[in-house]
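Below is one structure, written out as structure tokens; comments come after it.
Laboratory data are not the source of any read-out in this text; all were calculated from the coordinates shown. Not measured: the values here are computed from a predicted model. Reconstructed Cβ throughout: ideal geometry from the backbone, glycine too, with neighbour counts over all protein chains shown.
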Amino acid sequence: MYSTKKGRLVLRPKFAASVTVGFLAYALLALITLVVYFSKTEYGGVWRSSVSSLFNYRVDLIAGIRPFVTWYSFNILTYLMAMLAMGAGVVLCFMLMAFSIGMLVRNSYMAFLVLLIANGVNVVLPMQVSQTLPIGLAVRCFSILSPVWLWLKQGIWFTDGDIDIIWPHFEMLGLCMSLAVLTALCLLATNYFRKRDFT
């Protein structure tokens, strides 16, 4: 199949199918979760209430209990919509990453293992490098912008973050940078796939 010109163009429908299935799975999971949650919890009169109010707080490792303050003026409904949109962006990042690795690695099982190892190293490495060295601090600061760390930090999106967050709006910066880098990687992997010898 890959020996024909048309066969190598199979990447477009494969990518479209993976994006469609990924977003449908995310939407289904979000819908089921929200239906179950809102069937147990009544939000009738508070949808227009501010998220940054006296009633909302978070537990910080350094400061202890402190107010939950967002960068933007969100009410409950707009905060929920922003979180869902940000989650969809992170899902897209993981789809781009998986698609790129899948094109570069021939064996599907090995591609999945490479994906797991790459994200695992991205989680463990910043915690192992010394933060007193400039390179260690840079690794820690830039790793926070990766998709796996964005996913791990989802509870503090649109806030000032934790002690390891140095950028305002880190979630939007991380999402935009991740999408740009992973889109470039996807294009490079596609170019490599089209020129690869399958014999």
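Tell me the label-point distance for the pair Tyr192, Ala30, using the 7 Å Cα-to-Cβ offset, in nm and rounded to one decimal.
3.1
At a Förster radius of 30 Å, what calculated FRET efficiency corresponds to the Cβ-Cβ distance of Asp60 and Leu173, to the nearest 0.05?
That gives a FRET efficiency of 0.90.
Once you charge only the Cβ atoms, +1 for Lys and Arg and -1 for Asp and Glu, what is the size of the charge dipole of the range 13-171 about its Cα centre, to the nearest 20 debye?
280
Could you work out which residue, out of Thr183, Thr20, Thr70, moves most in a Gaussian network model of the chain, that is, has the largest mean-square fluctuation with Cα springs under 10 Å?
Greatest mean-square fluctuation among the candidates belongs to Thr20.
What distance in nm separates the simple spin-label points at Phe38 and Val21, each placed 7 Å from Cα in the Cβ direction?
Label-label distance for Phe38 and Val21, simple model: 2.9 nm.
For helix 108-128, report the angle its Cα long axis makes with the longest principal axis of the Cα atoms of the chain; keep it between 0 and 90° and round to the nearest 10°.
Helix 108-128 and the main axis of the chain meet at about 40 degrees.
Considering amide H positions built from the backbone, and no H for Pro or chain starts, which residues 5 or more places from Asn75, or on another chain, come under 5 Å of its amide H?
HN-HN under 5 Å from Asn75: Val51.
For a test of the definition: using alpha carbon positions, the gyration tensor, and the 1.5 limit on a/c, classify the range 63-174 as rounded, prolate or oblate.
oblate
Grab the beta carbon distance between Ala88 and Val129, set R0 = 35 Å, and tell me the FRET efficiency rounded to 0.05.
Once rounded, the FRET efficiency stands at 0.65.
Comparing Met177, Met81, Met97, which has the greatest mean-square fluctuation in the GNM of the chain with Cα pairs linked when under 10 Å apart?
In this elastic network of the chain, the residue with the biggest mean-square fluctuation among Met177, Met81, Met97 is Met81.
Long-range amide H contacts for Arg58: which residues qualify at under 5 Å (H placed 1.01 Å from N, peptide plane, sequence gap of 5 or more or a different chain)?
Residues meeting the criterion, in which the H sits 1.01 Å from N, are Arg66, Phe68.
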